[in-house]
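J.: What follows is a single structure, and I will ask about it in a moment.
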Amino acid sequence: MLALNDRVVVIDDDEDGRDTIVDNLDALDLKGIPIAGRFGDDIEKLLAEIDAANPSFVICDLRLTAHQFATFSGLQVVESLIARKTPAMLLTTYQDPERIHLRAARSRVPVIRGRNGFRIQEVPFLHDIVEREIAEKPVPSRVPHRVLLRIEEIRAEEDEVDVVVPSWRRNQALALPRSLFGAAVRDNLHTGDYLLGHVNIGAADEDELYFDNIDEIVEPAADML
């Protein structure tokens, strides 16, 4: 759990948005540390600046290009931080193209929040979710289960596949990038196929779902549907 005066780095190319988060953190007795400046394509320079701040947590916006903060995305930053075992979360507007793109990385990024639904009071709780995942002790809603997925539609032009996860919600289709499917099955998919993959079916919301190891086409038994 984050303690009083723990340091929280805030990365956002919008100065007003960055300062608002920092001020709200300070109101929670957390030490908000803004990172400003331009980093171009040098993500290692930004990561070094984050390391120098020695944060307990990092809040990073997805889009960093609008104000020339960086040419890389916040997703790349958060993935890099978690790989280095630095707890971090991603903020996004969750527009539809972003939603599908982020779904490809969701297994590696424990916390993504839409800006409209983000509440600064959640930060200690969100930090703990990431800490537990880094320690390989994920919260129940992040535990993967080997389950069936049914292909509803293949949209070749968008390189996307709509799937249903019957053990989660049998009437809701979700768009996945084709890249999420294993190389052995990716080019042999047909509408109506069933596959096995890992999904955290304890998630309450579609934006909390992640998909991994979708690598086996199967013929399900009647009691599996």
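J.: Hey, what's segment 1-111 come to in accessible area per residue, 1.4 Å probe, Å²?
T.: 46
J.: For Cα pairs less than 8 Å apart in space and 6+ apart in sequence, what is the mean separation divided by the residue count of the chain, i.e. the relative contact order in percent?
T.: After rounding, I find 15 percent.
J.: Could you pull out the longest piece of the chain with no exposed loop GluC sites (Glu not before Pro) in it, calling a site exposed if DSSP puts it outside H, G, I, E, B and it has at most 10 other Cβ atoms within 10 Å?
T.: The longest such stretch corresponds to 1-135.
J.: For a test of the definition: using alpha carbon positions, the gyration tensor, and the 1.5 limit on a/c, classify segment 4-59 as rounded, prolate or oblate.
T.: Taking the square roots of the gyration eigenvalues as a ≥ b ≥ c, segment 4-59 is oblate.
J.: Loop only per DSSP, at most 14 neighbouring Cβ atoms within 10 Å: give me the trypsin sites (Lys or Arg not before Pro) in segment 97-133, ordered by residue number.
T.: Answer in residue order: Arg108, Arg119.
J.: Now a separate question. Given N residues in segment 128-225, what is its alpha carbon radius of gyration divided by 2.2 N^0.38 Å?
T.: Ratio of Cα Rg to 2.2 N^0.38 Å: 1.10.
J.: Also: For the Cα atoms of the chain, what angle does the longest principal axis make with the long axis of helix 15-27, in degrees from 0 to 90, nearest 10?
T.: 80
J.: Additional query: Return the loop-located trypsin sites (Lys or Arg not before Pro) in segment 28-57 (DSSP other than H, G, I, E, B) with at most 14 other Cβ atoms within 10 Å of their own Cβ; answer none if there are none.
T.: For trypsin sites (Lys or Arg not before Pro) across segment 28-57 that sit outside H, G, I, E and B with at most 14 neighbouring Cβ atoms in 10 Å, the list reads Arg38.
J.: Looking only at the chain, where both bridge partners belong to it, what percent of the DSSP beta bridges are antiparallel (to the nearest 5)?
T.: In the chain, DSSP labels about 55 percent of beta bridges as antiparallel.
J.: Dipole magnitude of segment 1-50 about its Cα centre, charges +1 at Lys/Arg Cβ and -1 at Asp/Glu Cβ only, in debye to the nearest 20?
T.: 240
J.: Sticking with this structure for a sec: What shape does segment 42-110 have by the C-alpha gyration tensor, where a ≥ b ≥ c are the square roots of the eigenvalues, rounded means a/c under 1.5, and otherwise prolate means a/b greater than b/c and oblate the rest?
T.: oblate
J.: Could you state the orientation-averaged shadow area of the convex hull built on the Cα atoms of segment 106-149, in nm² to one decimal?
T.: The orientation-averaged projected area of the Cα hull of segment 106-149 comes to 4.0 nm².
J.: Once the dipole of segment 1-159 is set up with Lys and Arg at +1 and Asp and Glu at -1 on Cβ about the Cα centre, which of Phe118, Leu149, Ala88 lies farthest towards its positive end?
T.: Leu149
J.: Something else about it: With charges set only on the Cβ (+1 for Lys and Arg, -1 for Asp and Glu), what does the dipole of the chain come to about its Cα centre, in debye to the nearest 20?
T.: Roughly 520 debye, rounded to the nearest 20.
J.: Another question about this same structure. Write down the radius of gyration of segment 1-133 and its Dmax, each obtained from C-alpha positions, in Å.
T.: 13.5, 38
J.: Still on this structure, please answer the following. To the nearest 20 Debye, how big is the dipole of segment 73-118 about its Cα centre, given +1 on the beta carbon of each Lys and Arg and -1 on that of each Asp and Glu?
T.: Charge dipole of segment 73-118: 160 debye, to the nearest 20.
J.: Here is a further query. With the contact rule set at Cα under 8 Å and sequence spacing of 6 or more, what percent relative contact order holds for segment 113-225?
T.: After rounding, I find 24 percent.
J.: For every helix of n ≥ 4 consecutive DSSP H residues, a contribution of -39,500 (n - 2.57) applies; sum these over the chain, divide by its total residues, and give [θ] at 222 nm rounded to the nearest 500 deg cm²/dmol.
T.: Result for the chain: -7000 deg cm²/dmol, rounded to the nearest 500.
The values are calculated or read from the model by the stated rules, or taken from the named source; none is laboratory data. The shown structure was predicted, so the numbers you read here are calculated from the model rather than taken from an experiment. Using ideal geometry, Cβ is built from the backbone for each residue, glycine included, and neighbour counts are taken over all protein chains shown. Accessible surface is based on the protein model in full, side chains and every heavy atom, while ligands, DNA and RNA are left aside. Shrake-Rupley method; radii C 1.70, N 1.55, O 1.52, S 1.80 Å.
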